[in-house]
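K.L.:
Below is one structure. I have some questions about it.
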Amino acid sequence: TVFREPIICKNVPKLVPGWTKPICIGRHAFGDQYRATDAVIKGAGKLKLVFVPEGKDETTELEVYNFTGAGGVALSMYNTDE
């Protein structure tokens with residue numbers, strides 16, 4: 001996350017008149033949320049996250065949620081250490 005210094009604008013009316021401190025805005029520095037994968041789940045079942053490492057047989061499998069009834073939605077995001 002990248003935080004920017006506050007920008008003070010004297011000509012913009014305050015939505016909260018008694019607020020005196022600056023507001024800091026944080027934003028994602030990497031496009032993880034924009035490159036996310038989403039899915040509509042159309043019924044009961046288990047949602048799992050599986051990681052398959054290169055050159056290895058051992059996978060990591062995580063049970064994320066057990067959908068019941070009508071289903072719902074799912075979202076997968078990522079970020080890197082680079």
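K.L.:
Looking only at residues that are modelled with pLDDT under 85 and either assigned to a strand (DSSP E or B) or polar (S, T, N, Q) (or both) in the stretch 1-60, which one is farthest from Asn79 (Cα to Cα)?
P.N.:
Going through the qualifying residues, I end up with Asn11.
K.L.:
Continuing with this model, one more query. Take the residues in the stretch 46-82 that are within 20 Å of the chain's Cα centre (by Cα) and small (Gly, Ala, Ser); name whichever of them is surrounded by the fewest Cβ atoms within 10 Å (Cβ to Cβ).
P.N.:
Ser76
The values are calculated or read from the model by the stated rules, or taken from the named source; none is laboratory data. Not measured: the values here are computed from a predicted model. Positions of Cβ are generated from backbone atoms using ideal geometry, with glycine treated the same way; all protein chains shown enter the neighbour counts.
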